[in-house]
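The structure under discussion appears below in the form of structure tokens.
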Amino acid sequence: MKIETDFLVLGSGIAGLSYALKVADYGKVIIVSKNDIHETNTNYAQGGIASVTAQTDNFEKHINDTIIAGSGVNNPEVVRMVVESGPAQIKQLIDWGVNFDIEDDGSYSLAREGGHSEGRILHCKDYTGKEIQQTLIDRVKENPNITILESHFAIDILTQHHLGKVIKRNTPNIECFGAYVIDLDSRTILTILAKRTMIATGGIGSIYQTTTNPTVATGDGIAMVYRAKGQIENMEFMQFHPTSLYDPNTRPSFLISEAMRGYGAVLKNRYMEEFMHKYDDRLSLAPRDIVARAIDHELKAKGHDFVYLDVTHKDAEETKKRFPNIYKRCLEKGIDITKDLIPVVPAAHYACGGIKVDINGQSTIKNLFAAGEVASTGLHGANRLASNSLLEGIVYADRAAKHSINNIEQDKVCENIPDWDKSGTSWPEERVLITQSYKELQMILNSYVGIVRSNLRLERALRRMEIIYQETEELYKKSILSKKLCELRNMINVGFLIIKMAQKRKESCGLHYSLDYPEKRNDKKKSQ
Ligand code: FAD
Ligand code: SIN
């Protein structure tokens, strides 16, 4: 079945929804979300959104902090553009209805997080993402030009390949015509033809066994664009958040916001000893790669399963007021954070790499844009500064919206794309063929492609992945498509990209730390 639209948006987080709101004045918009529209990484963001608003702060400081965290692998032009665009985009969020916390004197309440030289994180208590997500959903639902398709799963983007042409990675002028999308309720596969397609499918955390990301974060957008022969970069820079609640039976792992360390919480080992002074002068507020590696080292050296985060020295009422979500969730697990230490472990959290885009969010495929966590813009370099991703998502949605409305009225959809051909396929006989591979993949990534890597670990991961890849491709060719099978295929694809890019990088740099190249890029620079 064919559907035509001006703008097709894949994903309903901050990037997808804000892009949809901005282009809706220029044409019809369809938003596709594979789950309930609320189920996004955006919805779980706790700490907040970084932007320069304080008197003591300035753009140069935010730029500098971003580049230091990113080990200088950032694109300086992009960093400046994003940081300087911040205040206008914060105003846009407020105009849409987001209520950031305000101090008694009327100024914004600003939190501090790792790697920031100033308090500059605007927040709504410790559930900033939920406030942003709900506000954007409310605005989108009011807009008559926007149609929302929940429980619809994007399988592949449409290019000249679907017109029978041979497309290679170096083929010039690859063009996007929309996407094939499964309606998960009726099992129909739709051919959505669009003049512009925005990929805002978010992160990849679910490919790891331990992650803060909800289950929707399976890297679908990255895999789709890779298959369509678009350019993907920087996948080796996977960020692990230092402090997720240690609770091995719960997936995803519940995040204990970095804002809690900004508020004064301190990391301790299980002997109640502080340890961050051994690793960095900035102690518990060093950038995430450093803190996560320090915890990993402490755990391995002592043979422990978790370290502690201690906030018991702070005023109990103030802690409850500032972190109501974390307080409640920990209490449900029998931990009163005002009296008890919080057991924490690092967990896969954020993909710094992704679909390569230019400064307007344009990918290497014509009429295909990407924004949010799925995109690699050059902002983060080798490690994302805390709370810079919501900012990046809204800034790039704005850039892409302004760029993608050009010529929209004159352009036409490509009507010649055939509908999905499902001949020769049947339901897989056993679901376990998919679920077991899912688990194996997550274990491989966790064990061999985590916070600390080595040549041997990466080679092992690759060999094991090869088997899962072959088995899954065979199954895919003969199966009626399901969400789980498509996700598994995408996760394998993303896993390969991480391993291959990690193998190519013969140095330790930001989030990519290899035992075989322990000297870090910045250490090299200092000794020159
Ligand atoms: P998302 O919000 O993840 O949305 C992705 C959307 O794509 C979803 O709707 C999903 O269903 C849809 N989708 C995916 N694949 C498909 C498909 N095949 N077909 C159809 N739909 C699909 N960042 C900060 O800046 N500050 C914070 O305080 C912060 N805290 C965080 C806390 C947690 C627990 C987590 C997990 C992340 C946090 N981050 C934070 C990171 C930040 O939340 C994300 O990077 C950001 O929200 C990503 O937004 P997005 O719009 O790119 O994607
Ligand atoms: C947090 O609240 O610690 C998450 C912030 C982020 O990921 O940017």
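Calculate the spin-label point distance for residue 280 paired with residue 360, positioning each point 7 Å from the Cα along the beta-carbon direction, and give it in nanometres. According to this spin-label approximation, the distance is 3.7 nm.
Mind sorting 297, 162, 241 by how few other Cβ atoms lie within 10 Å of their own Cβ, fewest first?
Numbers: 297 15, 162 20, 241 26.
In order of increasing Cβ crowding within 10 Å: 297, 162, 241.
From most to least packed by mean Cβ count within 10 Å, the peptides 361-370, 508-517 give 361-370, 508-517. The aspartates and glutamates whose alpha-carbon is closer than 19 Å to the alpha-carbon of residue 412, local same-chain residues fewer than 8 away aside, are 4, 6, 25, 175.
What Kirkwood radius, in Å to one decimal, follows from the Cα pairs of segment 207-272?
14.7 Å
With a cut-off of 18 Å, note down the residues of segment 189-233 whose backbone N falls inside the zone around a label point 7 Å from the Cα of residue 163 toward its beta carbon. In segment 189-233, the label zone of residue 163 (backbone N under 18 Å from the point 7 Å along Cα→Cβ) covers 191-197, 228-230. Excluding same-chain neighbours fewer than eight residues apart, the lysines reachable from residue 478 by a Cα-Cα span under 21 Å are 422. Positive contributions from Lys and Arg (+1) and negative ones from Asp and Glu (-1), summed over other residues with Cβ under 11 Å from the Cβ of residue 171, come out at +3. Across the chain, the longest piece that holds none of the GluC sites (Glu not before Pro) lying in DSSP loops with up to 13 other C-beta atoms within 10 Å covers 104-272. Computed from point charges on the beta carbon alone (+1 for Lys and Arg, -1 for Asp and Glu), the dipole magnitude for segment 292-429 about its Cα centre is near 400 Debye. For segment 238-386, the tally of Lys pairs with Cα-Cα distances below 21 Å comes to 18, considering only residues 8 or more apart or on different chains. Shown here: segment 82-182, whose C-alpha atoms stretch 64, 35, 22 Å along the first, second and third principal axes, sorted largest to smallest.
From the largest down, the chain spans 65, 53, 52 angstrom on the principal axes of its Cα atoms. The charge dipole of segment 3-88, taken about the Cα centre with unit charges on the Cβ atoms of Lys, Arg (+1) and Asp, Glu (-1), comes to about 60 debye, rounded to the nearest 20. Relative to one another, the C-alpha centroids of segment 410-424 and segment 354-375 are positioned 23 Å apart. Charge tally for residue 340 (other residues, Cβ to Cβ under 15 Å; Lys, Arg +1; Asp, Glu -1): +4. A Cβ-based charge dipole, computed about the Cα centre of the chain with Lys and Arg at +1 and Asp and Glu at -1, lands at about 1460 debye.
Anisotropy class assigned to segment 387-528 is oblate, per the alpha carbon gyration tensor with a/c at or over the 1.5 cut-off and a/b no larger than b/c. Nearest 10 degrees, 0 to 90: what angle lies between the long axis of helix 14-23 and the longest principal axis of the chain (Cα atoms)? Once rounded, the angle reads 50 degrees.
Lysine pair count for segment 1-151 with Cα-Cα distance under 19 Å and sequence separation of 8 or more or different chains is 10.
Subtracting the Cα-Cα distance from 0.36 nm times the residue separation, let me have the gained length for residue 416 to residue 233 in nm, one decimal.
Stretched out fully, the residue 416 to residue 233 stretch lengthens by 62.7 nm.
Its DSSP H runs of at least 4 residues, each contributing -39,500 (n - 2.57), put the calculated 222 nm mean residue ellipticity of the chain at -11500 deg cm²/dmol, to the nearest 500.
Separation of segment 1-17 and segment 250-317, taken as the distance between their Cα centroids, equals 40 angstrom.
Throughout, read-outs are computed from the coordinates displayed, never taken from laboratory work. What you are looking at is a predicted structure, and each value in this text was computed from that prediction instead of being measured. Note that each Cβ is placed from the backbone with ideal geometry, even for glycine, and that neighbours are counted across all protein chains shown.
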